[in-house]
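Student: Structure provided below as structure tokens; questions to follow.
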Amino acid sequence: MGKYFGTDGFRGEANLSLNVNHAFKIGRFIGWYFGARKGEKCRVVIGKDTRRSSYMFEYSLVAGLTASGADAYMLHVTTTPSVAYIINTEEFDCGIMVSASHNPYYDNGIKLINSHGEKMDEETILKIEEYLDSETDELPLATGADIGCIVDFFPGRNRYIGYLISLAMRSYKNMRVGLDCANGSSWNIAKSIFEALGAKTYVINANPDGTNINTNCGSTHIEGLQKFVKDNNLDVGFAFDGDADRCIAVDENGEVVNGDGIMYLYAAYLKERGQLVNNTVVTTVMSNFGLYKAFDELGINYEKTNVGDKYVYENMCKNGHIIGGEESGHIIFSKYATTGDGLLTAMKVMEVMLAKKQSLSALVSRFVKYPQKLINVRVSDKETVKNDPDVQAIIKEVANTLGNNGRVLVRESGTEPVIRVMAEAKTEKFCTECVMKIVNVIREKGYETAK
């Protein structure tokens, strides 16, 4: 991770840690850099989520791009995976998504995507960061006919919708499906896909006002969809995050099926059909003990990466694996997409349910999660906390106490000034006790800060 860019772009509170000048300079650099490499005008596609500040950042990026001679193609409100898809199919030089994903509305982010629809490479990111910190601006400004133009590229989003619909293997007729759009990017996409495939579709949180994205809704606040599914006797429900690259499912009983459960059911489905390439699923260190026990029962291998779909995808590409993801709902199906795609993930769950003619609860019945407790501690300096001898000592003590009957994981967030303390054990009470021992030391040392 660099100074500004973390595991999922440059993210921060709008006009505080991430401001319009940052966006303008990022646009300036990208427009110049990719144009210079190409020897002619570069083409950049831009999407955004529904945050109030997304419009501000979008226009700042476009100003920077066109000032450097790039042509900016605007998808407007759309999902992160749709930007990645359009880059691949329309041969853009790169893409930008304005979104802070699952973060609150007052945060925002700038995600950079390369010409293959993948996260931007570290070398280019470091060059952008160097330019952001430069006190002088020596990049040439385009003049005359070399100034970039702006293209309304709304049809691109429709092509993405058409692509997803084309992937469905069965009709969704007679299926009652609930969708929680988190008042985010999927609000004007998700319903049209499921209805086109024949589902009786019920949608909540699809009325964005710029300040309600992810607010008590979506994949990070699943309780609303749980109640909605039960109250309306639905067959299944799917909740997305702000930019719809995550999906969490809810079964017909209102029980949550997170990313681990989704990876389990789809990997089991592929293995049953002899289609699980390399017999391996890529997970992160945050996946639950229960997932690995369930995979062991099925004879499915697994690999663990650092947290972040970026690292999952890198492992998949390097080793040729076709499914991987995070318990948070970032699931990558590399045969169909280069990034996590919440809508695609929901469709893959539907595929298994329809093919096996089983309820979601039945499909995940053999996957038993270990109780888990996670507490996020907001701190001023993540590195100092991580290296503190007292913090290290209590982590070791807790790990020894758990032994082979659980685990503890303390890590830095890649997108927020937060230390995440997590424990898994046989009981919820013991999980909480283990986590609080560590959290209390962090607090006693004075590292915790207020929002």
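The values are calculated or read from the model by the stated rules, or taken from the named source; none is laboratory data. What you see is a predicted model; the values in this text were computed from it and never measured. Counting neighbours? That spans all protein chains shown, and the Cβs are built from the backbone with ideal geometry, glycine included.
For (1) assigned to a strand (DSSP E or B); (2) over 14 Å from Lys111 (Cα atoms), each residue gets a yes or a no:
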site: Gly6; (1), (2): yes, no
site: Phe10; (1), (2): yes, no
site: Leu16; (1), (2): no, yes
site: Ala23; (1), (2): no, no
site: Gly27; (1), (2): no, no
site: Trp32; (1), (2): no, yes
site: Gly35; (1), (2): no, yes
site: Glu40; (1), (2): no, yes
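Student: Yes or no: Tyr269 surrounded by fewer than 23 Cβ atoms within 10 Å (Cβ to Cβ), among the hydroxyl-bearing types (Ser, Thr, Tyr) and in contact (Cβ under 8 Å) with a residue 40 or more places away in the chain?
Tutor: Yes.
Student: Which members of the range 146-171 meet the condition of being loosely packed, with under 11 Cβ neighbours inside 10 Å and either at pLDDT 95 or above or within 19 Å of Phe333 (Cβ to Cβ) (or both)?
Tutor: Once the filter is applied, which keeps residues that are loosely packed, with under 11 Cβ neighbours inside 10 Å and either at pLDDT 95 or above or within 19 Å of Phe333 (Cβ to Cβ) (or both), the range 146-171 yields Asp152, Ser166, Met169.
Student: Just checking, how many residues over the range 355-365 are hydroxyl-bearing (Ser, Thr, Tyr) and in a helix (DSSP H, G or I)?
Tutor: Residues meeting the conditions: 1.
Student: In addition: Of the conditions (1) under 22 Å from the mean Cα position of the chain (by Cα); (2) in the same structural domain as Gly259 (by TED's automatic domain parsing), Lys357 satisfies every one except a single condition; which number is it?
Tutor: Of everything listed in (1) under 22 Å from the mean Cα position of the chain (by Cα); (2) in the same structural domain as Gly259 (by TED's automatic domain parsing), Lys357 misses just condition (1).
Student: I would also like to ask the following. Which ones in the range 248-266 are surrounded by 19 or more Cβ atoms within 10 Å (Cβ to Cβ) and of a type outside the set (D, E, K, R)?
Tutor: Ile248, Ala249, Val250, Val257, Asn258, Gly259, Gly261, Ile262, Met263, Tyr264, Leu265, Tyr266, listed by residue number.
Student: Going by the conditions given, is Met347 crowded, with 16+ Cβ neighbours inside 10 Å, within 30 Å of Leu112 (Cβ to Cβ) and modelled with pLDDT under 95?
Tutor: Judged against the criteria, Met347 is not a match.
Student: Hey, another quick one. Tell me, which residue of the range 172-226 that is small (Gly, Ala, Ser) and touching a Leu at 6+ places or on another chain (Cβ under 6 Å) is surrounded by the most Cβ atoms within 10 Å (Cβ to Cβ)?
Tutor: Ala190
Student: Further question: Considering only the range 284-318, how many residues are within 14 Å of the chain's Cα centre (by Cα) and β-branched (Val, Ile, Thr)?
Tutor: 3
Student: Right, something else. If you scan the range 416-438, which residues turn out to be under 14 Å from Val379 (Cβ atoms), β-branched (Val, Ile, Thr) and surrounded by fewer than 21 Cβ atoms within 10 Å (Cβ to Cβ)?
Tutor: The one that is under 14 Å from Val379 (Cβ atoms), β-branched (Val, Ile, Thr) and surrounded by fewer than 21 Cβ atoms within 10 Å (Cβ to Cβ): Val418.
Student: Something else: Just for the range 386-410: of the residues that are basic (Lys, Arg) and touching a helix residue (DSSP H, G or I) at 6+ places or on another chain (Cβ under 9 Å), which one is nearest to Thr432 (Cα to Cα)?
Tutor: By that ranking, first place goes to Arg407.
Student: Sort through Glu13, Glu58 and tell me the only one that's of a type in the set (Asp, Glu), buried (at least 20 other Cβ atoms within 10 Å of the Cβ), within 26 Å of the chain's Cα centre (by Cα) and modelled with pLDDT of 95 or more.
Tutor: Of the residues listed, the single one that is of a type in the set (Asp, Glu), buried (at least 20 other Cβ atoms within 10 Å of the Cβ), within 26 Å of the chain's Cα centre (by Cα) and modelled with pLDDT of 95 or more is Glu58.
Student: Take the range 344-365 and flag every residue that is free of Cβ contacts under 8 Å to residues at least 12 places away in the same chain and not small (Gly, Ala, Ser).
Tutor: Result: Lys357, Gln358.
Student: Additional query: For the range 285-297, indicate whether the set of residues that are buried (at least 21 other Cβ atoms within 10 Å of the Cβ), more than 25 Å from Gly242 (Cα to Cα) and modelled with pLDDT of 95 or more is non-empty.
Tutor: Checking the range 285-297: at least one residue is buried (at least 21 other Cβ atoms within 10 Å of the Cβ), more than 25 Å from Gly242 (Cα to Cα) and modelled with pLDDT of 95 or more.
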